[in-house]
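Trainee: If you scroll down you'll find the structure; I have some questions about it.
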Amino acid sequence: MKAFILAGSGKSDKLKEKEESPKALIKINGREMILYIIDALQKLDYIEKIVVVGPEKKLRSVLKNFDVDVVEEGAELIDNVMKGLECFSDEDEVLIITSDIPMITPEALDDFIKRAKELNADFAYPIIPKEDTEKKYPGVKRTYVRVKEGTFTGGNAVLVRVGSAKRCLDRAREFFLYRKSPWKLAGILGIPIVLKFLLGRLTISEIEKRVFELFGINARAVISRFPEIGSDVDKESDLELARRVLAREVVP
């Protein structure tokens, strides 16, 4: 299996870091954030290749001692996804992961990957129950979605079949462009789906079915009990949490 890390140069305006480095290179307890993700991936003996997509020059200076390929980033997220996918054959299964989940562990990734592979899907995405996140990280602020089965936050990794992912990227670009326009998104998803969602009556299987109708791919949600797969660093409180958690771990 292969993996690639999205490490674009964008930074959150909710972080106070004043350096011009991308978020992936913000240091946590003396180490760049992306190194924690690479460590977790390299501890999975079935990951054969790791590609990093981001500002090539800055990343190479940090990753020069790691067995990874670095690819120059594009203009936006969807471009970076395509650049990463182009590094693999259409038949490959690839784990796509963001560079801003430094608390990620090999156990969390392994659990997600194994559950996802059992589903034989084109696209598998982790969702984490709210109660698990709040139990492990009390007081943490995350964005949650309520569906019939419960309340979940989304993860920061997906397992995809490369050929299927490439075919649906143009449609995904439309979703990305409209992500801050609820009415335009509603027009794409359909009013019945939106109403059921607002009422908390939408089921996971209905969402999966609608994704198939829109993209023509078999997409499946994977319920993960590992909050670290969805705990990204997007604001100062997230950064402080990561520093506290990682300070307790032995860093190689």
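The values are calculated or read from the model by the stated rules, or taken from the named source; none is laboratory data. This structure is a prediction, so every number in the text was calculated from the model and none was measured. Quick reminder, even Gly has a Cβ in these numbers, built from the backbone with ideal geometry, and neighbours come from all protein chains shown. Heavy atoms of the whole protein, side chains included, go into the accessibility calculation; ligands, DNA and RNA do not. Shrake-Rupley method; radii C 1.70, N 1.55, O 1.52, S 1.80 Å.
Trainee: Across the stretch 196-220, what is the total count of residues that are out of contact with any helix residue (DSSP H, G or I) (no Cβ under 9 Å at 6 or more places or on another chain) and of a type outside the set (F, W, Y)? Don't jump to the end; show me each part of the working.
Mentor: Initially, the stretch 196-220 is screened for residues out of contact with any helix residue (DSSP H, G or I) (no Cβ under 9 Å at 6 or more places or on another chain), giving 198-200, 204-205, 208-209, 211-213.
Add one more test, that the residue is of a type outside the set (F, W, Y), and what stays is 198-200, 204-205, 208-209, 211, 213.
Residues that pass the stated criteria total 9.
Trainee: Pairs needed: first member in the stretch 128-153, touching a residue at least 12 places away in the same chain (Cβ under 8 Å) and over 22 Å from V245 (Cα atoms); second member anywhere, among the aliphatic types (A, V, I, L, M) and assigned to a loop (DSSP other than H, G, I, E, B); C-beta distance under 7 Å; at least 6 residues apart or different chains.
Mentor: Cβ pairs passing all conditions: V147/L202; K148/L202.
Trainee: While we're on this one: Between a residue in the stretch 33-50 that is open to solvent by 30 Å² or more (accessible area, probe 1.4 Å) and any residue that is of a type in the set (D, E, K, R), which pairs come within a Cβ distance under 8 Å, given they are 6 or more apart or on different chains?
Mentor: Short answer, once both residue conditions are applied: Q42/D67; E48/K2; K49/K2; K49/D69.
Trainee: Do we have A247 as closer than 25 Å to G139 by Cα, aliphatic (A, V, I, L, M) and surrounded by fewer than 17 Cβ atoms within 10 Å (Cβ to Cβ) here?
Mentor: Values: closer than 25 Å to G139 by Cα: yes; aliphatic (A, V, I, L, M): yes; surrounded by fewer than 17 Cβ atoms within 10 Å (Cβ to Cβ): yes.
Spelling it out, A247 is indeed closer than 25 Å to G139 by Cα, aliphatic (A, V, I, L, M) and surrounded by fewer than 17 Cβ atoms within 10 Å (Cβ to Cβ).
Trainee: Still on this structure, please answer the following. Between G74, G84, which is within 21 Å of V162 (Cα to Cα), open to solvent by less than 10 Å² (accessible area, probe 1.4 Å) and either small (G, A, S) or in a helix (DSSP H, G or I) (or both)? Can you show your working first?
Mentor: Values: G74 fails: open to solvent by less than 10 Å² (accessible area, probe 1.4 Å).
Just a single option satisfies the conditions, and that option is G84.
Trainee: Still on this structure, I have one more. Residues that are out of contact with any Gly (no Cβ under 6 Å at 6 or more places or on another chain) and under 20 Å from I188 (Cα atoms): does the stretch 135-145 have at least one? Outline the logic, then answer.
Mentor: Step one: of the stretch 135-145, the residues out of contact with any Gly (no Cβ under 6 Å at 6 or more places or on another chain) are 135-145.
Next, from what is left, pick out any that are under 20 Å from I188 (Cα atoms): 145.
Within the stretch 135-145, one or more residues are out of contact with any Gly (no Cβ under 6 Å at 6 or more places or on another chain) and under 20 Å from I188 (Cα atoms).
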